[in-house]
Amino acid sequence: MIWLIVSVGVMAIIGSVMMLRPSPRDTRLAALRFDAIRNGLQVRSFTFKPDAAKTGIRNDIPGTSYTLLRLGKQQGGELKFRVVGQAGWDTEGLPEGLSWHNQGSAADAELISRMLPQLQDNLLMLEVYENRVTLMASENQTASAAAYQHFMEAFF
């Protein structure tokens with residue numbers, strides 16, 4: 001009877017320790033985010049709240065944002081355009097599934113269309129300012145920090 005109590009106790013301890021280990025997904029995301037930080041990107045948890053009355057985009061977009069700053073120009077900077085990965089009213093020139101939150105030019109839409117396959121991930125939100133680019137992506141298994149950085153550098 002004592003061996004039964006001891007074995008249940010040992011199993012409870014082992015089970016508790018196993019629950020503390022990160023999942024394979026958590027390990028992959030931690031490695032992706034660490035690589036991004038090593039490459040000079042700023043990484044933070046962020047929720048984008050769209051202006052539904054202006055754009056028709058209703059759902060908040062939670063996720064991890066990756067920001068690339070333009071060297072030597074880190075203060076100020078006006079918003080050039082913003083694109084979200086949701087259905088909205090203004091989709092002119094953009095690939096299917098994307099819509100403008102703050103509309104850019106036809107050249108911006110063409111650049112997004114050309115660079116999107118190189119992202120190797122689903123785009124949730126892209127903000128382009130004069131001095132920085134912020135990207136929110138799905139962080140799929142195909143995602144890489146190098147692909148994120150290459151995608152964002154194209155908008156400078």
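A compact table of results
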| read-out | value |
| --- | --- |
| Residues of the stretch 12-55 satisfying the condition of being among the acidic types (D, E) and either at pLDDT below 95 or more than 24 Å from F151 (Cβ to Cβ) (or both) | D26, D51 |
| Tally of residues being open to solvent by 80 Å² or more (accessible area, probe 1.4 Å) and either in contact with a strand residue (DSSP E or B) (Cβ under 9 Å, 6 or more places away or on another chain) or basic (K, R) (or both) across the stretch 46-58 | 3 |
| Residue satisfying condition, being at negative phi and either part of a loop (DSSP other than H, G, I, E, B) or in contact with a helix residue (DSSP H, G or I) (Cβ under 8 Å, 6 or more places away or on another chain) (or both), within set V10, V43 | V43 |
| Total residues in the stretch 114-137, condition among the hydroxyl-bearing types (S, T, Y) and at pLDDT 95 or above | 1 |
| Sole exception among (1) acidic (D, E); (2) touching a residue at least 40 places away in the same chain (Cβ under 8 Å); (3) part of a loop (DSSP other than H, G, I, E, B) for E127, by number | (3) |
| Subset of the stretch 116-148 that is polar (S, T, N, Q) and touching a Phe, Trp or Tyr at 6+ places or on another chain (Cβ under 8 Å) - its residue that is most open to solvent (accessible area, probe 1.4 Å) | Q118 |
| Residues within the stretch 28-45 that are of a type outside the set (V, I, T) and buried (at least 16 other Cβ atoms within 10 Å of the Cβ), tallied | 5 |
| Every residue from the stretch 72-114 that is within 23 Å of L32 (Cβ to Cβ) and aliphatic (A, V, I, L, M) | V83, V84, L98, I112 |
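The values are calculated or read from the model by the stated rules, or taken from the named source; none is laboratory data. All values derive from a computational prediction rather than experimental measurement. Neighbour counts run over all protein chains shown; Cβ positions are idealised from the backbone, glycine included. The protein model used for the area step is the full one, side chains on, heavy atoms only, and it has no ligands, DNA or RNA in it. Shrake-Rupley method; radii C 1.70, N 1.55, O 1.52, S 1.80 Å.
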